[in-house]
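Below is one structure; the comments refer to it alone.
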Amino acid sequence: MRAGLREAADPARAPKMQAYMKSTMPYYGVPSPVQGTILRAAVAAHPLEDFATWRDTLLALWRGATHREERYAALALADRRAYRRHLTRDAMPMLEEFVVTGAWWDLVDETAKLIGEVLRGGSPLDRAGLTAEMRRWCRDAHLWKRRVAIICQLRFKADTDLDLLHEAIEANLDDRDFFIRKAIGWALRQHAKTDPAEVRHYVLAHADRLSGLSIREALKNIGGLAAAEC
C-alpha cells in the first residue's frame with residue numbers, strides 16, 4: 001500500500017487536500033479512486049488469512065502512517081467485504097484507537113461505520129455489550145467517541161435501536177460543539193428516511209433543546225419545523 005501510494009503521489013494536489021481537511025498530517029495527493037485501485041491490487045497480492053493478520057496489518061498502516069492516505073487505506077481495508085467477518089467485539093480496541101487517535105471527522109466517521117457493523121453483526125450477547133459501551137461513549141469526555149455513539153447506526157434503517165439513538169442524542173443536547181450538533185441532525189435525518197413521522201415527533205418534543213443546526217439537518221428532507229407542527 002505504501003509503495004503504491006508513494007508511486008501515485010501528486011505533489012501539486014497534496015497541499016490542497018491537506019488544507020481542505022485542516023490536517024496536520026501531510027497527504028500524498030492521491031485521489032480516492034486511485035487509492036481504491038491501489039488497495040485492490042495490494043489485497044489481491046497479499047490476502048490476509050486470519051483475524052490477527054488483518055488486525056496487525058491495519059494497526060501497522062495506522063500507527064506507522066506518515067501520510068493521511070495510509071490511514072484511509074487502513075479504514076478501507078477494514079471495510080472490505082472479504083474481511084467484514086473480522087468486525088467483532090475483538091476488533092473494538094483497535095477501532096477505539098482509531099477514534100481517539102484519529103480525532104477528526106474524516107477518520108472518525110468512517111470508523112463509526114465499522115463500529116456500526118460490529119454492533120449490527122454480533123450475537124445478541126455481543127450486541128447488548130456493545131450497546132452498553134455506546135451508552136458509556138455518549139457521555140465520554142472525548143468528543144469524538146460521543147460523535148460515534150450518535151452516528152454509529154446510520155446504516156441500520158428499520159433495525160435502528162431508538163432507545164440507544166435517543167439516549168446518545170439527549171446526553172449531548174447541551175453540547176455546543178459543531179460536530180456534535182451536526183451529528184445529532186445527521187443521525188435524525190438518516191432515520192427520517194425510514195420513519196419520518198417518528199423523527200418529526202422527536203424533533204417537536206425536543207425542539208426547545210435541539211440546536212437550530214440539528215433541527216435543520218433532521219428535517220432537511222421531510223419539511224421544516226412548521227411542516228412538522230402541522
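The values are calculated or read from the model by the stated rules, or taken from the named source; none is laboratory data. Just so it is clear, the model here is predicted, and its values are computed rather than measured. No Cβ is skipped: glycine too gets one built from the backbone with ideal geometry, and neighbour counts run over all protein chains shown. What goes into the accessible areas is simple: the full protein's heavy atoms, side chains included, and nothing from ligands, DNA or RNA. Shrake-Rupley method; radii C 1.70, N 1.55, O 1.52, S 1.80 Å.
Points to keep in mind about this one:
- Residue check, Leu162 open to solvent by 10 Å² or more (accessible area, probe 1.4 Å), modelled with pLDDT of 95 or more, of a type in the set (A, V, I, L, M) and out of contact with any Lys or Arg (no Cβ under 8 Å at 6 or more places or on another chain): yes
- Some residue of segment 208-228 being within 24 Å of Asp106 (Cα to Cα), open to solvent by 30 Å² or more (accessible area, probe 1.4 Å), under 16 Å from the mean Cα position of the chain (by Cα) and at pLDDT 95 or above: no
- Tally, over segment 29-51, of residues that are open to solvent by 40 Å² or more (accessible area, probe 1.4 Å) and either of a type in the set (Ser, Thr, Tyr) or more than 19 Å from Pro11 (Cα to Cα) (or both): 11
- Restricting attention to segment 132-145, the residues being over 11 Å from Ala103 (Cα atoms) and not in a loop (DSSP other than H, G, I, E, B) number 6.
- Any hit, segment 27-50, residues being among the charged types (D, E, K, R) and either within 24 Å of Val148 (Cβ to Cβ) or in contact with a strand residue (DSSP E or B) (Cβ under 9 Å, 6 or more places away or on another chain) (or both): no
- Candidate set: segment 12-70, residues that are in contact (Cβ under 8 Å) with a residue 60 or more places away in the chain and aliphatic (A, V, I, L, M); chosen: the one farthest from Val108 (Cα to Cα): Leu61
- In the condition set (1) exposed (fewer than 13 other Cβ atoms within 10 Å of the Cβ); (2) modelled with pLDDT under 95; (3) part of a helix (DSSP H, G or I), His201 is compliant with all but (2).
- One residue alone among Arg155, Arg181 is outside any helix (DSSP H, G or I), farther than 15 Å from Val199 by Cα and open to solvent by 30 Å² or more (accessible area, probe 1.4 Å), and that residue is Arg155.
- Failed condition for Met25, given (1) touching a His at 6+ places or on another chain (Cβ under 8 Å); (2) under 30 Å from Pro124 (Cβ atoms); (3) open to solvent by 30 Å² or more (accessible area, probe 1.4 Å): (2)
- Of the residues screened, Gln190 is not one that is open to solvent by 10 Å² or more (accessible area, probe 1.4 Å) and not in a helix (DSSP H, G or I).
- Residues (within 15 Å of Trp104 (Cα to Cα) and in a helix (DSSP H, G or I)) located in segment 158-178: Phe178
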